[in-house]
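Please read the structure below before turning to the comments.
The values are calculated or read from the model by the stated rules, or taken from the named source; none is laboratory data. Computed from a predicted structure; not experimentally measured. For neighbour counting, all protein chains shown are included, and Cβ atoms are generated from backbone atoms with ideal geometry for every residue, glycine included. Accessible surface is based on the protein model in full, side chains and every heavy atom, while ligands, DNA and RNA are left aside. Shrake-Rupley method; radii C 1.70, N 1.55, O 1.52, S 1.80 Å.
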Amino acid sequence: MAVHVPKFVLFSFIITTFLHSIATEGDWNTKDFQRREHSLTKPYQGSGMGIPHWDMLGSTMVTNNYIRLTPDRQSKMGAIWNNVPCFVRNWEVHVQFEVHGSGKSLFGDGFAVWYTKDRMLPGNVFGNADPFVGLAVFLDTYSNHNGPHNHNHPYISAMVNNGSLTYDHDTDGTHTQLAGCESQFRNKKYDTFLAIRYEGNTLTVSVDIDNKNGWKECFSVSGIKLPVGYFFGLSAATGDLADNHDIISVKFYELATDSKEQEAVYDGLPEAQSMEPPRDRVDDNKGSYLLGNLTGWKLLVIIILLIIGVGVCVMVGIIIFQKQQENSRKRFY
């Protein structure tokens, strides 16, 4: 005798089987997924007052919608650091952030994303200690450095350090950077994102700041060796100029790796095979900054005025000398 099965029971069975197959398929690919212990998403706080797996430093403030590293006030420093070391060989980090403030033409200083040996060490490099050991990606908004620039701000760059280099604010770190690109991410009315991907000794930094829901590559550099066991962190600082530096989320993904292409885990110091060639800067406290901006007829006028000024000084000197000679002759008569 045929058994009649209600349609809703049959439908439930099909849905359950489909969901089970998805879950089973996900179990096979266990490396290509988000790692919660290195991620930071809403709601930020756990059962207590702190944030699970993260520690705060300086002026950092947690709200329901964002984590503010610095307010739009002068001389502030804040940071948030993951307290779980990362032992993933190939990874990608997505940072949703917002940098905004009242400044229209002058603002600063910016924030940085870190993957370093040491953590929770305040300092003068976007709120972190210098020198450091590891990787840093800088989002520099300070547009009033010494001398003229060959790039605009905001500016994104990366630096790998084995502890022997220092970041030079007066040159925007261009003497130690791997690569960089301009990125107008400040004061946007929509969400802005940064992606840092490290796979197969290649570092790729991309952004989504145009509300297009897609990544645009900023730069990609090969020959980068990063050890495992370091810590992720984000820090920001303000000086005479200021901005709000807000972190909305940090999502860490372990990248799937073909077993045939797995590389040996690197346990040495961070290393970069090459860096961008240093770019010339003009130090404005040497006086050449002003002359560097003068070209064409303006420079000609300055030269003519200098010549006239020297001529006037010579004539005045001659007249004074002749007067002194006449006075000395009168004394002998």
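Tell me which residues, restricted to the stretch 111-131, are among the hydrophobic types (A, V, I, L, M, F, W, C) and part of a strand (DSSP E or B). Passing the criteria: Phe111, Ala112, Val113, Trp114, Val125.
Okay, residues lined up against (1) among the polar types (S, T, N, Q); (2) within 20 Å of the chain's Cα centre (by Cα); (3) open to solvent by less than 20 Å² (accessible area, probe 1.4 Å); (4) on the phi > 0 side of the Ramachandran plot:
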{"site": "Glu37", "(1), (2), (3), (4)": "no, no, no, no"}
{"site": "Ile51", "(1), (2), (3), (4)": "no, no, yes, no"}
{"site": "Met56", "(1), (2), (3), (4)": "no, yes, no, no"}
{"site": "Leu69", "(1), (2), (3), (4)": "no, yes, yes, no"}
{"site": "Val84", "(1), (2), (3), (4)": "no, no, no, no"}
{"site": "Phe87", "(1), (2), (3), (4)": "no, no, no, no"}
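Filter the stretch 175-216 down to residues that are hydroxyl-bearing (Ser, Thr, Tyr) and in a strand (DSSP E or B) and give me whichever is surrounded by the fewest Cβ atoms within 10 Å (Cβ to Cβ). Explain how you work it out, then say what you get.
Of the stretch 175-216, the ones hydroxyl-bearing (Ser, Thr, Tyr) are 176, 183, 190, 192, 198, 202, 204, 206.
Subset that is in a strand (DSSP E or B): 192, 198, 202, 204, 206.
Working: Thr192: 23, Tyr198: 20, Thr202: 13, Thr204: 19, Ser206: 20.
The qualifying residue surrounded by the fewest Cβ atoms within 10 Å (Cβ to Cβ) is Thr202.
Can you find a residue in the stretch 99-110 that is among the β-branched types (Val, Ile, Thr), open to solvent by less than 10 Å² (accessible area, probe 1.4 Å), touching a Lys or Arg at 6+ places or on another chain (Cβ under 6 Å) and not in a strand (DSSP E or B)?
Keep residues of the stretch 99-110 that are among the β-branched types (Val, Ile, Thr), which gives 99.
In the following step, the residues that additionally are open to solvent by less than 10 Å² (accessible area, probe 1.4 Å) were identified as 99.
Now drop any that are not touching a Lys or Arg at 6+ places or on another chain (Cβ under 6 Å), which leaves 99.
Filter again for not in a strand (DSSP E or B), leaving none.
Scanning the stretch 99-110 turns up no residue that is among the β-branched types (Val, Ile, Thr), open to solvent by less than 10 Å² (accessible area, probe 1.4 Å), touching a Lys or Arg at 6+ places or on another chain (Cβ under 6 Å) and not in a strand (DSSP E or B).
Gly134: more than 19 Å from Cys218 (Cα to Cα) and not in a loop (DSSP other than H, G, I, E, B), yes or no? Criteria met by Gly134.
Based on what the data block shows, is Asp140 among the acidic types (Asp, Glu), at pLDDT below 90 and either open to solvent by less than 60 Å² (accessible area, probe 1.4 Å) or under 22 Å from Pro270 (Cβ atoms) (or both)? No. Filtered by the rule that a residue be touching a residue at least 12 places away in the same chain (Cβ under 8 Å), closer than 25 Å to Gln273 by Cα and surrounded by fewer than 20 Cβ atoms within 10 Å (Cβ to Cβ), the stretch 150-174 gives Asn150, His151, Asn162, Gly163, Ser164, Leu165, Thr166, His169, Asp170, Thr171.
Please tell me if Phe219 is assigned to a loop (DSSP other than H, G, I, E, B) and in contact (Cβ under 8 Å) with a residue 40 or more places away in the chain. Spelling it out, it is not the case that Phe219 is assigned to a loop (DSSP other than H, G, I, E, B) and in contact (Cβ under 8 Å) with a residue 40 or more places away in the chain. Summed over the stretch 218-238, residues that are surrounded by fewer than 20 Cβ atoms within 10 Å (Cβ to Cβ) and among the hydroxyl-bearing types (Ser, Thr, Tyr) total 2.
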